[in-house]
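The block underneath contains the structure these notes are about, expressed in structure tokens.
The values are calculated or read from the model by the stated rules, or taken from the named source; none is laboratory data. All values derive from a computational prediction rather than experimental measurement. Cβ: placed from backbone, ideal geometry, glycine included. Neighbour counts: every protein chain shown. SASA here: full protein model, heavy atoms, side chains in, ligands and nucleic acids out. Shrake-Rupley method; radii C 1.70, N 1.55, O 1.52, S 1.80 Å.
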Amino acid sequence: MKAWKQFSEKVLVLGLARSGTAAAKVLLENGKNVIVNDAAAKYDDAAVLELQKKGAHLVLGSHPLSVLEGIEVVVKNPGIRYDHPIVAEALTQNIPVITEVELVSYLTQQPIIGITGSNGKTTTTTLVTEMLNQSGCNVKLAGNIGIAATEVAQTMQTDERMVIELSSFQLQGIDTFRPSTAVLLNIYEAHLDYHGDLESYVNAKCNIFKNQHADDYLVYNVDDPTLQEKVMNTKAKKIPFSATKNLYQEGAWIDDTHVYFFDEAIVRLEDIVLVGKHNLENILASVAAAKLNGATNEGIQHVLKTFSGVKHRLEFVGMLEGRYVYNDSKATNTLATQKALDSFKKNIVLLAGGLDRGNEFDELIPHLQNVKAMVVFGETAPKLERTGKEAGIQVIEHASGVDDAAKIGFSLTDAGDILLLSPACASWDQYKTFEERGDIFVQAVHTMN
């Protein structure tokens, strides 16, 4: 664990929300001179008042460049882009710009399992946490899926380890952060509006292992050609996983009957309740990370026999007059929706749409074979309608939002069909978060019972 005296004395926390507030608190509690700058926060907000009592200097309502005067490091909210005027000016002045995750190494020296990838992070993070819990290991959850990492790190005990879900936004802003076990699930073109280009996005993801040592582990998807190339120079011990290759001497893999870790059969495939081919990759990564950190076969088996998915990620909402209803609101890109569509053999009525990031949806076409009808909404509705027509889908309806889409979609289903919300887009054109979007969908479904 690093000493706080090694950290800069005058710090700008740019953007509050959960991670910014947590970062400001821990910096203030460790004697740092902190300026907080947030355009949306109010001076009478409870979190702002608490920071002020702890000694923070507040600049709210705008982003004047003067907040950088004398600043030695900027801790920015992960969602703030690097072309933000304050960030761009800081970099011009050679002021380091980091995210809250970087502070974790100043707060704990306990083992950290860091998990990232374009898709599957939340499911894998949840699985690893539950597998370790069921095995009697003491573990705490942090990051996008739970509490801010700094809040968790401050409470870590000597026998505990942290499991943290990490986004590319967070990882682009690290300097020395080092997980003892890094998990890299996949790389798919995403968030280019934030990162600018694919190479920058890939490099941000791969930051998860850049500081690892020879006694650390890197669990990675050997079926992903981008990852195969990128992990070649890691110092960590490489533990591959594959849904297509026999890795009995190397890592996690499957055959027709079992999931294996090296040459050890861990669980029968027929006992796993989590649906979807893509979830097999998440399961393989989870098994590898859990086994490396002390999980028992019994603990892993219990989780895989009972875990049916995380909320908003192919979440089974229930049966509605013979229809199977799934909430996949966390599918904020086309790859996630592709994988959701590939999880079912039955007829699907697909509900999709959301924020227009400038991309087309042609990649969905080969995966729409079982889709009998679509209901589109949000900014991307015209693009998705065009994609559906190119795929030969005859019935495509427009909805005002997910609640309206649920009702229209249900009217297009027959008994035995799948009613699937898998938007392929971020939610921010109509909803604050994908969680809000999913909750509204689920509520709409329940009102139809």
Does at least one position in segment 306-318 carry a residue that is at pLDDT 95 or above, of a type in the set (D, E, K, R), outside any loop (DSSP other than H, G, I, E, B) and closer than 24 Å to MET448 by Cβ?
no
Could you say whether any residue in segment 138-150 is part of a loop (DSSP other than H, G, I, E, B) and either under 20 Å from LEU218 (Cβ atoms) or in contact with a Phe, Trp or Tyr (Cβ under 8 Å, 6 or more places away or on another chain) (or both)?
no
Only one of these is modelled with pLDDT of 95 or more and either aromatic (Phe, Trp, Tyr) or within 29 Å of ALA295 (Cβ to Cβ) (or both): ILE86, ILE98, ILE71, ILE112. Name it.
ILE112
Of those in segment 146-160 that are of a type outside the set (S, T, N, Q) and surrounded by fewer than 22 Cβ atoms within 10 Å (Cβ to Cβ), the residue farthest from ALA288 (Cα to Cα) is GLU151
Keeping to segment 57-79, report how many residues are part of a loop (DSSP other than H, G, I, E, B) and touching an Asp or Glu at 6+ places or on another chain (Cβ under 9 Å).
5
Does ALA405 qualify as being surrounded by fewer than 20 Cβ atoms within 10 Å (Cβ to Cβ), out of contact with any Asp or Glu (no Cβ under 7 Å at 6 or more places or on another chain), on the phi < 0 side of the Ramachandran plot and of a type in the set (Gly, Ala, Ser)?
no
Filter segment 113-137 down to the residues that are touching a strand residue (DSSP E or B) at 6+ places or on another chain (Cβ under 9 Å), open to solvent by 10 Å² or more (accessible area, probe 1.4 Å) and either part of a loop (DSSP other than H, G, I, E, B) or over 22 Å from GLY309 (Cα atoms) (or both) and list them by number.
CYS137
Name the one entry in LYS346, LYS372, LYS339, LYS389 that is under 27 Å from TYR188 (Cβ atoms), surrounded by fewer than 20 Cβ atoms within 10 Å (Cβ to Cβ) and touching a Gly at 6+ places or on another chain (Cβ under 8 Å).
LYS346
I'd like to check which strands (runs of 3 or more DSSP E) are fully inside segment 183-266 and have at least 2 residues that are out of contact with any Leu (no Cβ under 7 Å at 6 or more places or on another chain), open to solvent by 40 Å² or more (accessible area, probe 1.4 Å) and modelled with pLDDT of 95 or more.
none
So is GLY388 within 23 Å of SER343 (Cβ to Cβ) and in a helix (DSSP H, G or I) or not?
yes
